[in-house]
Amino acid sequence: MSQLEFTYQPPRALVQTLAALVGLGVLTWVAGLFVDPQRAWGVLLMVSFWLLSMGLAGSLFVGLQYACGAGWAVAFRRIPEAMTAAFPLGAAGLMMVFLFHPEIFPWVTHHGKAGSFHAIWLNRPFFLARAIGYFVIWFVFSAVLIRNSQRQDVDGDMRHTRRNIRASMAYMVVFSFTFALASIDWVMSLQPEWVSTIFGMYHMSGLFVSGVAMIILLMLWLKRSRPLCDFVNDEHLHDLGKLLFAFSTFWMYLYFSQYMLIWYSNMTEETVYFILRHEGVLKSMFLLNFILNWAVPFTILLPIPSKRSPRVIASMAVCVLAGRWLDLYMGIMPPITNGHVAAPWMEFGMMVGAMALFVLAFLAWFRRAPQTPVRDPLLAQSLSYHS
């Protein structure tokens, strides 16, 4: 077996620590069910949506590389591939909410006018059928991409690459529609009286930029702990930094566009979303959301040396991930808690548990496959990227 074909075995102490943190998250949720059940189910919705988004960000990143014919990311492609392991965990958590506590969505008990599109779209059987449809579509496309990638490790057949290119082109189109609809179903419908035509794209931008941030952190960690130390270089980091910078700005563009147009029109049925988030502590959190997701990474990553510094870009990746958590909190929790902000012990405990579960799922997948796509035709190009 060549050096490229070695698989990674994580330290046992790390796995045990992560398992303990997952247990902490579960215990926090159980305690929350006794203290504040509505809030506990809301936090489960939030952390499950985050896990699902991380898994989808991995498959989206892989699909984009194939669809664009890009070779620069092949050396670390196993990272976004392994991130897809979080997808079924997030889907399972979401289904728990949909099946066992659908009352978290106000339209379940307060139906719209009979025969209206609102009542037709937001009814529970159709809602569940759409959710299952989204999960099946995403799982099938992700499985196809990963299966062909791993089969190429065995036989080196170029046909696997061509199949993934075709599948990725279809996936990009299908994913754009399905994830936009899923964001509307699972997040926007928490306030069914409010609508936004760019809400799906807004969450898609958040998904991708947070996915890039996670890829950066995992790549730096695996490079430092040896699995990828010989296969990724400063050029890979630089390009990931450019993606983080660019899509953070794209997120800001959508964030501002949604807010500015609603503020300018000042229509009651549209402003209700932002009025709820401009009261008390939430007003400060609303501003912090803007700072973490765009102002800080934009300012710090603007110079080229910042995008090539592991320490700087890692700190910005952490900043963006923290911003993503805050963005999800601001989108999901205020309508569930009626704008009340309590001590965040439940959110923090379940967030830590979800992140530990993500890393455990990632390591379980990553250790089963060669750390690098050993027979991908573009691997040599990636290994010598800009050298």
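Return the residues of the stretch 142-185 that are of a type in the set (Asp, Glu) and closer than 30 Å to THR197 by Cβ; say none if nothing qualifies. It would help to see each step written out before you state the result.
Going residue by residue through the stretch 142-185, those that are of a type in the set (Asp, Glu) are 153, 155, 157, 185.
Result: ASP185, single match.
Please go through (1) touching a Leu at 6+ places or on another chain (Cβ under 9 Å); (2) under 24 Å from LEU190 (Cβ atoms) for LEU237 and return the number of the only condition it doesn't satisfy.
(2)
What do you reckon, is SER384 at pLDDT 95 or above and of a type in the set (Ser, Thr, Tyr)? Walk me through it before giving the result.
Working: at pLDDT 95 or above: no; of a type in the set (Ser, Thr, Tyr): yes.
In short, no.
Pull out all pairs, ordered by first then second residue, where Cβ-Cβ is under 7 Å, the residues are six or more apart or on different chains, the first lies in the stretch 235-251 and is at pLDDT 95 or above, and the second is of a type in the set (Gly, Ala, Ser) and surrounded by fewer than 22 Cβ atoms within 10 Å (Cβ to Cβ).
PHE247/SER205; PHE250/SER205; TRP251/SER205
Take GLN152 and tell me if it is polar (S, T, N, Q), under 25 Å from the mean Cα position of the chain (by Cα) and farther than 16 Å from VAL136 by Cα. Lay out the reasoning, then the answer.
Values: polar (S, T, N, Q): yes; under 25 Å from the mean Cα position of the chain (by Cα): no; farther than 16 Å from VAL136 by Cα: yes.
Taking the combined requirement at face value, the residue does not satisfy it.
So in the stretch 259-274, with the set limited to residues that are among the hydroxyl-bearing types (Ser, Thr, Tyr) and either loosely packed, with under 14 Cβ neighbours inside 10 Å or in contact with an Asp or Glu (Cβ under 7 Å, 6 or more places away or on another chain) (or both), which one is modelled with the lowest pLDDT? Reasoning before the result, please.
Keep residues of the stretch 259-274 that are among the hydroxyl-bearing types (Ser, Thr, Tyr), which gives 259, 264-265, 268, 271, 273.
Filter once more, so that each one left must be either loosely packed, with under 14 Cβ neighbours inside 10 Å or in contact with an Asp or Glu (Cβ under 7 Å, 6 or more places away or on another chain) (or both): 264-265, 268.
Values: TYR264: 88, SER265: 85, THR268: 78.
Filtering first and then ranking leaves THR268.
I'm trying to understand the selection: among the residues of the stretch 157-181, which are hydrophobic (A, V, I, L, M, F, W, C) and in contact with a Lys or Arg (Cβ under 8 Å, 6 or more places away or on another chain)? Step through it out loud before you land on a result.
Step one: filter the stretch 157-181 for residues hydrophobic (A, V, I, L, M, F, W, C), giving 158, 165, 167, 169-170, 172-175, 177, 179-181.
Passing the criteria: only LEU181.
Checking the condition surrounded by 14 or more Cβ atoms within 10 Å (Cβ to Cβ), under 17 Å from the mean Cα position of the chain (by Cα) and closer than 16 Å to VAL187 by Cβ, which residue from ILE336, ILE332 passes?
Working: ILE336 fails: under 17 Å from the mean Cα position of the chain (by Cα).
Exactly one residue qualifies, and that residue is ILE332.
For the stretch 342-387, give me each residue that is polar (S, T, N, Q), touching a residue at least 12 places away in the same chain (Cβ under 8 Å) and surrounded by fewer than 19 Cβ atoms within 10 Å (Cβ to Cβ). Before the answer, list the steps.
So in the stretch 342-387, the residues polar (S, T, N, Q) come out as 371-372, 381-382, 384, 387.
Filter once more, keeping what is touching a residue at least 12 places away in the same chain (Cβ under 8 Å): 371-372, 381-382, 387.
GLN381, SER387, listed by residue number.
Report every pair of residues separated by at least 6 positions or lying on different chains whose Cβ atoms are under 6 Å apart, first residue within the stretch 270-296 and farther than 18 Å from SER257 by Cβ, second aromatic (Phe, Trp, Tyr) and surrounded by 18 or more Cβ atoms within 10 Å (Cβ to Cβ).
Taking only residues 6 or more apart or on different chains, the pairs are VAL272/TRP194.
Take residues that are under 20 Å from GLY42 (Cα atoms) and tell me which of the helices (runs of 4 or more DSSP H) falling wholly in the stretch 273-343 contain 2 or more.
On the way: elements: 281-290, 296-301, 304-307, 310-337.
Helices (runs of 4 or more DSSP H) meeting the threshold: 281-290, 310-337.
Residue by residue, here is whether (1) touching a residue at least 12 places away in the same chain (Cβ under 8 Å); (2) under 30 Å from ASP376 (Cβ atoms); (3) surrounded by fewer than 16 Cβ atoms within 10 Å (Cβ to Cβ) holds:
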site: PHE126; (1), (2), (3): no, no, yes
site: VAL136; (1), (2), (3): no, yes, yes
site: ARG151; (1), (2), (3): no, yes, yes
site: SER176; (1), (2), (3): yes, yes, yes
site: ALA180; (1), (2), (3): yes, no, no
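In the stretch 47-71, what residues are over 23 Å from VAL22 (Cβ atoms), modelled with pLDDT of 95 or more and either of a type in the set (A, V, I, L, M) or outside any helix (DSSP H, G or I) (or both)?
LEU60, VAL62, LEU64, ALA67
The values are calculated or read from the model by the stated rules, or taken from the named source; none is laboratory data. This one's a predicted model, so the numbers in the text were calculated from it and none came from an experiment. Cβ atoms come from the backbone with ideal geometry, glycine included; neighbour counts cover every protein chain shown.
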